[in-house]
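K.L.:
Okay, handing you the structure first.
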Amino acid sequence: MVIDAAWLDGGRHIGIVTEGSSTCVPVVDTAEVQVDGTLAVTFAEPDAETPCTADFAPRVSLAVVPAGVDPAVDLEIVVEGAGVDGGTSLTGVPGPVAGGETDYLPSAGWTNIDGTFVVLLWGSSTCREYITSTSVTGEASVTASLSGIPADKICTADMAPNAVLAVADGLQGVDGVELTLTGAVESVTVPVLGVNAP
């Protein structure tokens, strides 16, 4: 099973990529730093009666970065629970400092899978947006189109995270890539943390 990860939200969150049913995304139960500095993530066991599609797709689970983790330093991650058992390495990124409350702004980070990055959006938990397309629009820039929310759809007034996967080809080894999200009320541009591994 592929297990990967990406820094998000200025180092406050990590998106953990696993493979399995696209409708039963694992939920992080605990994320704790071990004595050796490894981040141990445990997924909550799903309800046995929960219906899950039989597909096998990559999906993203969000973990809050605990105190003591410096996003600028390489991090070893081990994951278990909900049928997942394995680990991955997450390369440190300069700049972000974990801690404090999120600013509820979009963010993005590269995984170790060629061309694949995670985008973290915020909004109503019942009206989640998704990415409809991506395109490389410059030497270090990517544009992604969001689905938007139908005007007649009723949405809860909460503010929940929504992590989605996206792919951009042709930016291997490029540093300082920026992502522009379109389709919302206003376009927004954010850095993609890390580097797309060559």
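K.L.:
Please report, in debye to the nearest 20, how large the charge dipole of segment 87-198 is about its Cα centre when each Lys and Arg carries +1 at its beta carbon and each Asp and Glu carries -1 there.
P.N.:
So the dipole magnitude of segment 87-198 works out to roughly 200 debye.
K.L.:
Can you tell me the accessible area per residue over the chain, all protein chains present, probe 1.4 angstrom, in square angstrom?
P.N.:
51 Å²
K.L.:
So for segment 95-198, averaging the separation of alpha carbon pairs under 8 Å that are six or more residues apart and normalising by length, what relative contact order in percent results?
P.N.:
33 percent
K.L.:
Looking at the chain as a GNM with Cα springs under 10 Å, which of 54, 151, 44 has the largest mean-square fluctuation?
P.N.:
Its mean-square fluctuation being the largest, the pick is 151.
K.L.:
For the chain, what does the relative contact order come out to in percent, with C-alpha contacts under 8 Å and a separation of six or more?
P.N.:
21 percent
K.L.:
Rounding to the nearest 20 debye, state how big the charge dipole of segment 95-160 is about its Cα centre with +1 on each Lys and Arg Cβ and -1 on each Asp and Glu Cβ.
P.N.:
The dipole of segment 95-160 has a size of about 140 debye.
K.L.:
Gap in Å between the Cα centre of segment 27-90 and the Cα centre of segment 139-198?
P.N.:
Centre-to-centre distance over Cα atoms comes out at 22 Å.
K.L.:
Here's something else I'd like to know. For segment 25-76, calculate the relative contact order in percent as a whole number, restricting contacts to Cα pairs under 8 Å that are 6 or more residues apart.
P.N.:
43 percent
K.L.:
Could you work out what % of the accessible surface of the chain is carbon and sulfur, using a 1.4 angstrom probe and leaving DNA, RNA and ligands out of the count?
P.N.:
54 percent
The values are calculated or read from the model by the stated rules, or taken from the named source; none is laboratory data. Only a predicted model underlies this, so the values are computations on that prediction, with no experimental measurement involved. No Cβ is skipped: glycine too gets one built from the backbone with ideal geometry, and neighbour counts run over all protein chains shown. The area values use the complete protein model at the heavy-atom level, side chains included, leaving out ligands, DNA and RNA. Shrake-Rupley method; radii C 1.70, N 1.55, O 1.52, S 1.80 Å.
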